[in-house]
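Chemist: Got a structure for you, questions after.
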Amino acid sequence: MEHTYDFGLVGLGVMGRNFILNVADNGFKAFGNDLDTEKVNALIEEGGDTNRVNASTDLNTFVNALVRPRKIMLLVPAGKVVDIVIESLLPHLDHDDIIIDGGNSFFTDTDRREAYLQEKGIHFFGAGVSGGAKGARFGPSIMPGGNRDAYQHVKPIFEAVAAKSHGEPCVAYLGPKSAGNYVKMVHNGIEYGLMQLTSEIYDLLKKGGDFSNELLHQTYAKWNSGRLQSFLVEITAEIFEQKDDLSDGNLIDMILDKAKQKGTGKWTSQNAMDLGIPVPSIDIAVSMREISALKEERIKADALYNRPEVTLMNKATLGGLAEKSLFFSFIITYAQGLHQLSDASKEYGYELELAEIAKIWRAGCIIRAGLLGDIMQAFQEDSSLTNLLLSPRFVEKIQDTVDAARELVSYAAQNGIPVPGLSNSLTYFDSYTSSRLPLNLIQAQRDYFGSHTYERIDREGTFHTEW
Ligand code: 6PG
C-alpha cells in the first residue's frame, strides 16, 4: 500500500467525501483521513474498492500511502483547524510535498501559511472550491493559487475532477500566494449580490404583481432559458415549486426571513474598502443579511410607521421590467466584483487574468451564468479592462435594460418595497458613468473646515482658500 495513492484528502465531511469520490471516479487512487472512525469507514464502504479509495484515522498510514511529492488537500473548517492540521502533518512530510487548503480561508491566512511552509520546503495552495456538495462530487469550479511549478503536479487531478464548460475544465492556475482564496472570496461577494437581487425581484413580483408561487416558478424558469440563464435563477425557479412537508403550503412561505452568513461576503466588502474600489451591490447584500437578522426590531418598527398602499402593476409589464432589471443589476454586480479583482491583482501581485477567471466560473460554481461567456470575451478582447462597463460589448446590454431598472426602482420606492440591491446597482451605474459628480463641494467643505486643500479643473497644483 505504501506510496501508491495519487491524492490525499484530510477532512471527510460532506465536501471532503464528495471530492475524494470524484477524484477516484476520474481514475486516480485516493486516500482519505479523518479523526472520526465513522467517517473513515463510511468512505471505505462508499468507495467500494480500497485499491481505488481508502482511508484511515491514522496520520502515519495516510501519509505513507501517498505517492511523492504528496498532494494532500484539506477540506476542513476555515480558521484554526487548518493550522492544527498543517502542524500535525508537518513531521510526516518530505521536501516538495504539497498541501492544498480547499476551504474558504481568509486570504492573509493563506499568505502566512504559504510563507511558513515555504521555509520548510513544502508547497502550499489556497484553492477555492465552489459548487457545494453536488459540485464537489460531480464537478466543482476550482480556483487554485500558489507556486506555479508545484501546480503541475496537481493540475491533472484538478482538471479531471473540475466541472467542464464547452469541453474545458473549470480550473486554472490563478496566481501566486493567496490568489486562489482571494478570487473565491470575491466569487462569494458576487454570490451575495446576485442572491440579494434575485430575492428583491421575487419580493417585487409578489407584492407588486401578486405573483403566485406557481407563477414565480414559471417566470424564473423562463428567465433561466434566456439571457438570465444561471445556477441561481435555476434553483430559485425550483425553490418556488417545493411543497412543505410540515404544512399544506409551499416551503418558501414557511422559511424565516433571517439570512445567515459565514463571512466571505463581508470580507469582500471590507477588503474592497481597503483597496478603495466601490462594490455597493455587494456591500448592500451584506447589510441586508444584517438587517434581516434584526427581525424583532423590524417587527416593532413595522408597527410604528405607515407604508404606502401597494398599487398593483400589470403582471406582464412587471415581469418584463423585472427581467431587464435583474439582467442589468447582475451585470453591475459582476462588474464590481471583477473591478475589485483587477485592483487586488495589482495591489497583491497576483497577476490575475480576468478572462481566465470568467472562464472557470462558467460551470461548477454558484455564480455560473450564461453571462460569463460574454464577460470572458470582454476581457479576452481587452486584457487591460478594469470595469465591464467600459467594454463596448456591454454598452448595448446596459442601454437595453437600464431604463427598466429606473422604472422599477421608482415604482418600488413609491410603493414602499425595499430594493436596495437594485437601487444601489442603478446609482452605482449613474455615478460611474457621470463625468462630473458633485464631489467638488465635498472638497470645498473639507478645505473650508480643515484646510485639506483641493485641486482645480483649470490648472495643476494644490490649492487652499481662506473661506
Ligand atoms: C460556494 C459557496 C460556499 C459558501 C456558501 C455559504 O461557492 O460553493 O460560496 O463556499 O460557503 O455559499 O456562504 P454563506 O454562509 O456566507 O452564505
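Taken together, the values in this text are just the output of simple stated rules run on the coordinates, not laboratory data. Just so you know, these numbers come straight off a predicted model, no measurement behind them. Positions of Cβ are backbone-derived with ideal geometry, glycine not excepted, and every protein chain shown enters the neighbour counts.
Chemist: Neighbouring Cβ atoms within 10 Å as the yardstick, rank D447, D283, D248 fewest first.
Modeler: Sorted ascending by nearby Cβ count, the order is D248, D447, D283.
Chemist: While we're here: Using r as the Cβ-Cβ distance of A160 and T427, and R0 as 41 Å, what FRET efficiency do you calculate, to the nearest 0.05?
Modeler: Given R0 = 41 Å and the Cβ-Cβ separation, E is 0.35.
Chemist: A further question follows. Taking the Cα centre of the chain as origin, sum charge times position over the Cβ atoms of Lys and Arg (+1) and Asp and Glu (-1), and report the length of that vector in debye to the nearest 20.
Modeler: Here the chain has a charge dipole of around 260 debye.
Chemist: Using a simple spin-label model with points 7 Å from Cα along the Cα→Cβ vector, what separation in nm is obtained for W467 and E241?
Modeler: 6.1 nm
Chemist: How much length is gained on full extension from K346 to H3, taking 0.36 nm per residue of separation minus their Cα-Cα distance?
Modeler: 119.4 nm
Chemist: Then there's this: Set Lys and Arg Cβ to +1 and Asp and Glu Cβ to -1, take the dipole of the chain about its Cα centre, and tell me which of S384, Y411, A444 lies farthest positive.
Modeler: Value: Y411.
Chemist: While we're looking at this one, here's another question. What spacing in nm lies between the two simple spin-label points modelled at K295 and Q152, each 7 Å away from Cα in the Cβ direction?
Modeler: Result for the modelled spin labels: 5.5 nm.
Chemist: Let me ask you something else. What share of all Cα pairs of the range 172-315, in percent, falls into each consecutive 10 Å distance bin?
Modeler: 10, 29, 36, 20, 5, 1
Chemist: Which aspartates and glutamates have a Cα lying under 15 Å from the Cα of K346, excluding residues fewer than 8 positions away in the same chain?
Modeler: D274
Chemist: Hey, with R₀ at 30 Å, roughly what FRET efficiency would Y448 and L390 work out to, going by the Cβ-Cβ distance, to 0.05?
Modeler: 0.30
Chemist: Could you state the principal axis extents of the C-alpha atoms in the range 184-432, from the largest down, to the nearest angstrom?
Modeler: Between the extreme Cα coordinates on each principal axis of the range 184-432 lie 53, 37, 35 Å.
Chemist: Sum up the charges of everything whose Cβ sits under 15 Å from the Cβ of F211, counting Lys and Arg as +1 and Asp and Glu as -1, but leave F211 out.
Modeler: For residues surrounding F211, the net value is -3.
Chemist: What number comes out for the charge environment of S105, summing +1 per Lys or Arg and -1 per Asp or Glu over other residues with Cβ under 14 Å away?
Modeler: So the environment of S105 carries a net charge of +1.
Chemist: Find out how many positive minus negative residues lie around K315, taking Lys and Arg as positive, Asp and Glu as negative, among other residues whose Cβ is under 14 Å from that of K315.
Modeler: 0
Chemist: Spin-label point model (7 Å from Cα, Cβ direction): what's the N306 to D253 distance in nm?
Modeler: 2.9 nm
Chemist: Would you mind checking which residues have amide H under 5 Å from L74's amide H? H placed 1.01 Å from N; only 5 or more apart, or other chain.
Modeler: For L74, the qualifying residues are V10, I100, D101, G102.
Chemist: Sticking with this one: Where nothing but the Cβ of Lys and Arg (+1) and of Asp and Glu (-1) is charged, how large is the charge dipole of the range 1-160 around its Cα centre, in debye to the nearest 20?
Modeler: The dipole magnitude comes to about 340 debye.
Chemist: Could you calculate the FRET efficiency of D36 with E214 from 1/(1 + (r/R0)^6), where r is the beta carbon distance between them and R0 is 51 Å, rounded to 0.05?
Modeler: It comes out at approximately 0.75.
Chemist: Pull out the extension gain between I44 and Y116, defined as 0.36 nm times the separation in residues minus the alpha carbon to alpha carbon distance; nm, one decimal.
Modeler: Stretched out fully, the I44 to Y116 stretch lengthens by 22.6 nm.
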